[in-house]
């Protein structure tokens, strides 16, 4: 999105809330982004999430009793159920956003998530929100089981009302797939204009005949990723490893920090055949060295970015119906939902080079037709011109 805006000649100010790279300073992240885009029309400002501040230095830690009172008040009033509550939208970042909007310098303000958009914005700037998916659907699955049963019904009602309010307080709501657009329209009937911008990437098709990793999963520590990977480790991988005694599995990404995933690997009989790697500057070497890429996601709405990324690299993919939601699978993307069938599909790609090459071509064709950068750039220009 950012490169498409820059390549179209727009001046872009990028405001970043760093909540994924604890060891990266704000200045280092700013310099890295500026070096990545190398465009005179880009300026970057970064704020660290308060969670990354050392506990001994925080105000709330020094005033622990007061913090507990405030936290209890937030639960009583259900302020914690707001989509953009203070945990999601901390004060330091909210202030930076508001100051930027109050300057009246911008024609558009594009929020990458609803949770980082301040409420009740009164500005002439057109507000665009990238919804990704309906967060209320994720709350039902991921959040409600973690809170007291007595709070769940009201919590969900409050969250849904909050999400709808914020959609109606923007000019354009961006969805990542036609399926998701239809769902948002059906459930919320928002006042905002709904626009579908499919996930995209640059084509990075790689040809390789030597593979270090037989099977690869790449993903963040999100709840759908954890659920899907846990299912793959416990239900699918035992079948694969029992029939292919040499195959090895790579797990790449921040998901390796997850306790549930660590325990699943530790309890298995094949931990020695699983490699875990964290953050890397570039995923290109990982994809180049991977024979088969798996996408075992079983729930979650919206288009799965890693599926599009895998296609951009032209990899042989095996995914679930949920993983391929919003993706045209008519060219033959391998889609399986049952553990045994998923395992057999992986095994076939590992043992049959012709099948694997055919799967790679399917990824390339699907990507080129549905998720090209040029198509995204044209859609963004159309959206902005009609706003």
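The values are calculated or read from the model by the stated rules, or taken from the named source; none is laboratory data. On a predicted model such as this, the values are computed, not experimentally measured, just so you know. Cβ placement follows ideal geometry from the backbone for every residue including glycine, while neighbour counts extend to all protein chains displayed.
Quick notes
- Tally, over segment 173-214, of residues that are buried (at least 20 other Cβ atoms within 10 Å of the Cβ), over 23 Å from residue 367 (Cα atoms) and under 21 Å from the mean Cα position of the chain (by Cα): 2
- Annotation: of all residues in segment 132-155 being in contact with a helix residue (DSSP H, G or I) (Cβ under 7 Å, 6 or more places away or on another chain) and free of Cβ contacts under 8 Å to residues at least 60 places away in the same chain, the one that is farthest from residue 192 (Cα to Cα) is 147.
- Within segment 302-337, the set of residues being in contact with a helix residue (DSSP H, G or I) (Cβ under 9 Å, 6 or more places away or on another chain) and surrounded by fewer than 18 Cβ atoms within 10 Å (Cβ to Cβ) comprises 328, 329, 330, 331, 332.
- For residue 356: the one exception among (1) under 18 Å from residue 207 (Cβ atoms); (2) out of contact with any helix residue (DSSP H, G or I) (no Cβ under 6 Å at 6 or more places or on another chain): (2)
- Residues in segment 233-248 that are touching a helix residue (DSSP H, G or I) at 6+ places or on another chain (Cβ under 8 Å) and surrounded by fewer than 20 Cβ atoms within 10 Å (Cβ to Cβ): 234, 235, 239, 243, 244, 248.
- Test: residue in segment 68-79 that is assigned to a loop (DSSP other than H, G, I, E, B), touching a helix residue (DSSP H, G or I) at 6+ places or on another chain (Cβ under 9 Å) and modelled with pLDDT of 95 or more: no
- One residue alone among 17, 6 is part of a strand (DSSP E or B), surrounded by 12 or more Cβ atoms within 10 Å (Cβ to Cβ) and modelled with pLDDT of 85 or more, and that residue is 17.
- Of the residues 261, 251, 265, the single one that is surrounded by 14 or more Cβ atoms within 10 Å (Cβ to Cβ) and more than 23 Å from residue 349 (Cβ to Cβ) is 261.
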